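Read the figures in this text as sums done on the coordinates, not as results from a lab. All figures in this text were calculated on a predicted structure; none of them were measured in a lab. Here the Cβ positions follow ideal geometry from the backbone for every residue, glycine too, while neighbour counts run over all protein chains shown.
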Amino acid sequence: MQKITIILVVIVFSLIACQQPEDQTKQESKKDKKWFEKPMRIAALQNNFGEDDLAIIDKWVDMGFNVEQLFHPIAEGYAALYDPNKSRKILTEYVKKAHKKNLKIILYLNIHILYSSIEKYKDNWSQRKKDGSISYMYETYPSICLNSPWKDYFYSVLDSLKNIDIDGIFLDGPVITNGGCYCQYCKAKYKEKYHENLTDHSEHKWDFYADTKDKFLQKAYDYWKKDNPDKVFYMNLPVEHTHVGFVKLESALKYNDILGTEGGFMFYGPAKNAFLWRPSFTSKLLEAVAPNKPRVIFMAADHKPWSWWQHSPLETKLCIASVTANAANIWYGLHGSSILLNTSSGNAVKNILGFYKNNEAFLDNTESATKVALLYSFTNRTKTKSDFADPKEERNTYGDSENALRGYYAMLTESHTPFDIITDFKIADEKLESYKVIILPNVLAFDKKTENVLRNFVKNGGLLISELGASLFNERGEKNKDFSLSDVFGVSTSGKYSKHKNYNYFVLTSNTKLKKNIDAPYIPLPLLTVDIKANKDAEIICKAIDDLPGRYVTLPQGRYTFATSHNFGNGEAIYFAGDIGEMYNEYHVKEYRTLLEDIIFEKIKESIEFVNAPTNLEVVLRKQNQNLILHLINYQAGPTRPFEKVSPITNLIIKIPKNWNISQVISKQLNSKLKSSDSNKFKEYVLPEMNEYELLVLVKGK
Ligand SMILES: [Zn+2]
């Protein structure tokens, strides 16, 4: 049986009357919503190999798309920036027909590579490597330098779009490749600004390129908006890769009407090694960064980097469903020709988009309804592993924070716990008010502000779960003398790490209440631990057994502190001295998941529970006015990826606490109300069958 926690803000009926003015304001603001703030299903054909351009509009509409990020009629093979002499006529006709069919048009502008008709300018417009040679992208295309005269050409393109009835523009780029540009223009600008030569080791190099991008994009945004205040302007923003992408998020939010990132460009390598929850993760990450902006996840139709090898129908549906469930809009882009629309994968897109088109009402104006959050630190992410390396210590000593995050992401998802991603970007006390549990997955570094907000969170009653090197480094990557949150954790560290062979163990201490759902007497010890000393007022909840000299020996008698629980202010901190997250990501130790699940349940108390649910069922719970929307995405399709066939779930029992006041649960796939029965504290609803996706409306009231 899968028992698990979900959390809810229960709206007290007596408060409804008091909230009326606010509700009215909400209603009014809904009416004022711009078209791109409503659910979008965005199509893209990223090339032109002799298409019947206008016919494609009918295809998109038939498939359920309502927006096109338009490229194919203006494309030269795989790239192009709009050329009025060549494309004005077709673009005008295209937009006219699309609008008649209620398809919005955002024009795609490639601003990172030079294609055949402008390749001749490469000596003057391209980025240069340190040795002076031209930087190419995708093996074949010269890159574009924003400090070169190319930008004058770009502004002339914006001018030429003035009188065309498009609904916005999308910039694919800019991209600064090979770690930086060393062209004559960049060198001269750098010298003018910093009075020193631009080299590989220049102190201000990162800021220089980031500022170059920001200045260019902000100016372009203002220029565009001056004549087109209601037309969208946004770009391909590498939110997961802000450091290598030279992105300052705060600036980027000012010149992006929509936040879009490539969370659905997969897999690049073998699918079996890919992070299963990536589309879901990137959607949550975007919501954390810009909760009030429309968000788009770009999904390549194809298994990257092949352009013509399409994802299987099931992988396609799972990606679209995860993105949509997590309140982002899907962008589905083909990098082969439109013949890929006439495939079983193309049909899968039509099938799921048709469902979302018919149920658009349940996707609009929702917000997360969870009390659990997983922290993603941009500060940590911007550091490379070597930034953290102490010269006296071996590289990679401190564990992999990204794998740790993936491990916790998987544990939460597999235990059907709805949760949010939160980040250290613009973190503030009030942003954490709705949470009861925050998890720090080996987040080595964050700034003082984040540290204080997390401390206040626990002081005010929250539960903080952390591990290994959490807060052991400052924002510059320098090792602290102790955890900066040592007072909260109730433990200190000397900062000494130890590696362990994969046949060591830890045990739960006899007095801990967490024991009831774990019957394993010995649990695998993570392969990396840090030396800790528990304060007197901390409770020791797990002890590690001294390292075994070999796997076939009597267990040693020695025990040392491995995990603690500590009351701090009105809240509590639970700390594990090992890389639980990374270990779960690699070894999938189910006892870790059960332990986490129990710790969260102890704090949350009130939970939704699922019976007959496979572990790979993603659960997303959103609030919509008085009701709740429950998305279920079934990834049970193993054992190999790419997935081909889903294992249907039959008679899934959804146990909803009675005090949530849910009067009916409606399946939008089956188009029927679920049968219910009473059991103790729960109302139990039975979903007779589901395949890869279900949307349930939990209706409040009598
Ligand atoms: Zn340059």
Set the Förster radius R0 to 22 Å, insert the Cβ-Cβ distance between Thr650 and Asn680 as r into 1/(1 + (r/R0)^6), and round the FRET efficiency to 0.05. 0.40
In nanometres, what is the gap between the two model label sites at Asp123 and Lys189, each 7 Å from Cα along Cα-to-Cβ? 2.2
Sorted from fewest to most neighbouring beta carbons within 10 Å, what does the list Leu285, Leu527 look like? Leu527, Leu285
Output the pairs from Lys189/Lys213; Lys459/Lys590; Lys96/Lys231 with a Cα-Cα distance over 25 Å in this structure; if there are none, say none. Lys459/Lys590
The range 462-522: equivalent-ellipsoid semi-axes (sqrt of 5 x gyration tensor eigenvalues, Cα, Å): 28, 17, 9
Largest-first principal axis extents, alpha carbons of the range 598-676, Å: 41, 36, 23
Pull up all non-local amide H partners of Lys38: gap of 5 or more, or a different chain, and H-to-H distance under 5 Å with H placed in the peptide plane. none
Determine ³J(HN,Hα), in whole Hz, for all residues of the range 311-322 in sequence, where each value follows from phi through the Karplus function 6.51 cos²θ - 1.76 cosθ + 1.60 and θ = phi - 60°; x replaces Gly and Pro. 4, 5, x, 5, 4, 4, 5, 4, 5, 4, 5, 5
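Take peptides 317-330, 460-473 and line them up by average Cβ neighbours within 10 Å, highest first, as a rough protection proxy.
Order by mean packing, descending: 317-330, 460-473.
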Starting from the Cα of Asp230, move 7 Å in the Cα-to-Cβ direction to define the label point; list residues of the range 149-168 whose amide nitrogen is under 20 Å from there. 161-168
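Sum -39500 (n - 2.57) across every DSSP H segment of at least 4 residues in the chain, then divide by the residue count to get the 222 nm mean residue ellipticity, nearest 500.
So the helix-based figure for the chain works out to -8500 deg cm²/dmol.
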Cα lying deepest toward the dipole's positive end in the chain, options Val611, Ala301, Gly638, charges on Cβ: Val611
Diffing the range 159-168: the Karplus 3J(HN,Hα) column from phi (6.51, -1.76, 1.60, θ = phi - 60°), in whole Hz with x for Gly and Pro, holds 4, 6, 8, 3, 9, 9, 7, 6, 9, x
Mind ordering 194-200, 586-592 by average Cβ neighbours within 10 Å, highest first? 586-592, 194-200
Once amide hydrogens are built 1.01 Å from N within the peptide plane, the residues lying 5 or more places from Gln664 or on another chain with amide H under 5 Å from its amide H are Val699
Within the set of other residues whose C-beta is less than 12 Å from the C-beta of Ala210, count the net charge using Lys and Arg as +1 and Asp and Glu as -1. 0
If the chain between Glu51 and Asp531 were fully stretched, how many nm would it gain, using 0.36 nm times the residue separation less the Cα-Cα distance? 166.4 nm
May I ask you to work out the translational diffusion coefficient for the range 570-702 at 25 °C, viscosity 0.890 mPa s, via Stokes-Einstein with Rh from the Kirkwood sum over Cα pairs, reported in whole µm²/s? 146
Computed over the range 236-361, Kirkwood Rh from alpha-carbon pairs, angstrom: 15.1
In nm, what is the difference between 0.36 nm times the number of residues separating Lys700 and Ser344 and their Cα-Cα distance? 124.3 nm
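Which net charge results when you count Lys and Arg as +1 and Asp and Glu as -1 among the other residues whose beta-carbon is under 9 Å from that of Leu632?
Overall, the nearby charge balance is -2.
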PRE reach from Asp387 (point 7 Å along Cα→Cβ): which of the range 232-269 fall under 16 Å by backbone N? 239-250
Residue by residue through the range 46-57, which ³J(HN,Hα) values in whole Hz follow from phi under the Karplus form 6.51 cos²θ - 1.76 cosθ + 1.60 (θ = phi - 60°), with glycine and proline marked x? 8, 6, 9, 10, x, 6, 7, 3, 5, 5, 5, 4
With both partners inside the chain, how many of the DSSP beta bridges are antiparallel, as a percent to the nearest 5? 60
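For the range 537-599, take N as its residue count and report Rg(C-alpha) divided by 2.2 N^0.38 Å.
So the range 537-599 has a normalised radius of gyration of 1.32.
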Using only alpha carbon positions, build the gyration tensor of the range 372-604, then give the equivalent ellipsoid semi-axes as the square roots of 5 times its eigenvalues, largest first, whole angstrom. 25, 21, 17
Taking only the alpha-carbon positions of the chain and ignoring solvent, what does the Debye formula give for the base-10 log of I(q)/I(0) at q = 0.07 Å⁻¹? -0.51
Distances longer than 21 Å among the Cα atoms of the range 127-245: what percent of all pairs is that? 44
Which of the residue pairs Lys89/Lys226; Lys193/Lys448; Lys284/Lys605; Lys89/Lys254; Lys284/Lys448 have a Cα-Cα distance greater than 27 Å in the structure shown? Lys193/Lys448; Lys89/Lys254
Note: Arg476 to Lys605 extended length (0.36 nm per residue) minus current alpha-carbon separation gives 42.6 nm
